[in-house]
Amino acid sequence: MKKYSNCKEINLLVIEIIRSDEWNVRKGKHYVLITPCGARLAVPSTPSDRRRAYQNFRKDLRRLQGL
């Protein structure tokens, strides 16, 4: 299993999204999730405030899923 983030919750969420949907992943300095319509979302690899980082990432992800 590939590690996308040091935060366990974010890592599991990214793995679930990649397996279930048609999303792609690109690797540069950070992993970037790319939606089927081309929108991008950076994956926080080393979040400082894990609880808030997870909440914010989940919120941004839901916002992109509505596109």
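Key figures for this structure:
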{"read-out": "Expected-Rg normalisation [2.2 N^0.38 Å, Cα atoms] applied to the chain", "value": "1.01"}
{"read-out": "Computed [θ] at 222 nm, helices only, for the chain once each DSSP H run of length n ≥ 4 contributes -39500 (n - 2.57)", "value": "-14000 deg cm²/dmol"}
{"read-out": "Normalised contact order of the range 8-65, rounded percent, pairs of Cα under 8 Å and 6 or more residues apart", "value": "23 percent"}
{"read-out": "Under the Karplus curve 6.51 cos²θ - 1.76 cosθ + 1.60, θ = phi - 60°, whole-Hz ³J(HN,Hα) for the range 20-37, x wherever Gly or Pro sits", "value": "8, 10, 8, 6, 10, 10, 10, 10, x, 6, 10, 6, 10, 7, 10, 6, x, 8"}
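Where a number appears in this text, it was derived from the coordinates with a stated rule and is not lab data. Because the structure is predicted, anything quoted here is derived from the model rather than measured.
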